[in-house]
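**Student:** Have a look at the structure that comes next, please.
The values are calculated or read from the model by the stated rules, or taken from the named source; none is laboratory data. If you're wondering where the values come from, they're calculated on a predicted model, not measured in any experiment. Every residue, glycine as well, gets a Cβ built from its backbone with ideal geometry; the counts of neighbours run over all protein chains shown.
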Amino acid sequence: MVEMKEYLVSDLERETCERFNSVRERIAAATRRSGRTPDSVRLVAVSKTQPPEKMRAVHRAGAREFGENYVQEAVAKRAALADLSDIRWHLIGHLQRNKVAQALGCFGLIHSLDSVHLASRLARLDETAPVEVLIQVNVDDEATKHGVAPQEVEALLDAVRGIVKVSGLMTIPAPPMAAEGSRRSFARLRELRDDLARSTGLELGELSMGMSDDFEVAIEEGATIVRIGRAIFSERVR
């Protein structure tokens, strides 16, 4: 039984390392096509529903940034992986106001700010330093998606500057039939970010956009953070 377990772990790590390295190679190729360097893009391994042991395998392959959708799931995983002190945790899902206190103790970057009320609660519960956030933008005006409309982002920026640290923008575009189908949405977010940086004087360096099916297109359109789950972990555990 022990030998079989060791074989399975070895097999898991080998497959995980191959997947992770393949994604890193694709990122590097996409940055070269864009006249950028590979270190201009941060890879966040999206570990929603994945067990801690599989996350350990991804960490051993080289991942240092992990993204979770739900606060309680992330809190439990952070405790299970407490010995991996070099992990930076990202909240990429919607943050409910009643989960803010837990989120502040867990995440280094919150990708999903979408209201003044949420920013105010983040600031009230952590007065030590401004919380680092990205504003989630619903670039395709999807009724089922969270995020603010593009034309409302500047007003939100004006309202929250000084109480949280807005480092950039994030989007989840409409599911594409093919990767190229997301290009227009990614370009719109980049153009919006550039316009806002000029009009507000803020440094909005981060663009969190691109997932397993379209991250190369996102990089070509300026992504600085890509959120990759399935291409690294294979199918999610249900």
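**Student:** Name the residue that is nearest to residue 165 (Cα to Cα), counting only residues in segment 212-223 that are of a type outside the set (D, E, K, R) and surrounded by fewer than 22 Cβ atoms within 10 Å (Cβ to Cβ).
**Tutor:** The qualifying residue nearest to residue 165 (Cα to Cα) is 222.
**Student:** Specify the residue that is nearest to residue 230 (Cα to Cα); the eligible residues are those in segment 15-33 that are surrounded by 16 or more Cβ atoms within 10 Å (Cβ to Cβ) and of a type in the set (Ser, Thr, Tyr).
**Tutor:** Once the filter is applied, the top-ranked residue is 16.
**Student:** Being modelled with pLDDT under 95 and either in contact with a His (Cβ under 9 Å, 6 or more places away or on another chain) or farther than 26 Å from residue 64 by Cα (or both) is the requirement here; does residue 170 meet it?
**Tutor:** Answer is no for this residue.
**Student:** Now, a different point. Output the number of residues of segment 127-147 satisfying the condition of being in contact with a Ser or Thr (Cβ under 8 Å, 6 or more places away or on another chain), among the β-branched types (Val, Ile, Thr) and under 14 Å from residue 115 (Cβ atoms).
**Tutor:** 2
**Student:** Quick check on residue 102: is it more than 30 Å from residue 26 (Cα to Cα) and in contact with a helix residue (DSSP H, G or I) (Cβ under 6 Å, 6 or more places away or on another chain)?
**Tutor:** So residue 102 passes the test.
**Student:** Identify all residues within segment 36-92 that are over 22 Å from residue 169 (Cβ atoms), exposed (fewer than 14 other Cβ atoms within 10 Å of the Cβ) and among the hydroxyl-bearing types (Ser, Thr, Tyr); write none if there are none.
**Tutor:** Within segment 36-92, just 85 meets the criteria.
**Student:** Here's something else I'd like to know. If you check 149, 103, 119, which single one turns out to be buried (at least 19 other Cβ atoms within 10 Å of the Cβ) and within 22 Å of residue 193 (Cα to Cα)?
**Tutor:** Unique residue meeting the criteria: 119.
**Student:** How do the helices (runs of 4 or more DSSP H) wholly within segment 24-133 filter down when requiring 3 or more residues that are under 15 Å from the mean Cα position of the chain (by Cα): which remain?
**Tutor:** Result: empty, no element qualifies.
**Student:** Restricting to segment 154-171, give me the number of residues that are touching a strand residue (DSSP E or B) at 6+ places or on another chain (Cβ under 8 Å), surrounded by fewer than 24 Cβ atoms within 10 Å (Cβ to Cβ) and of a type in the set (A, V, I, L, M, F, W, C).
**Tutor:** 4
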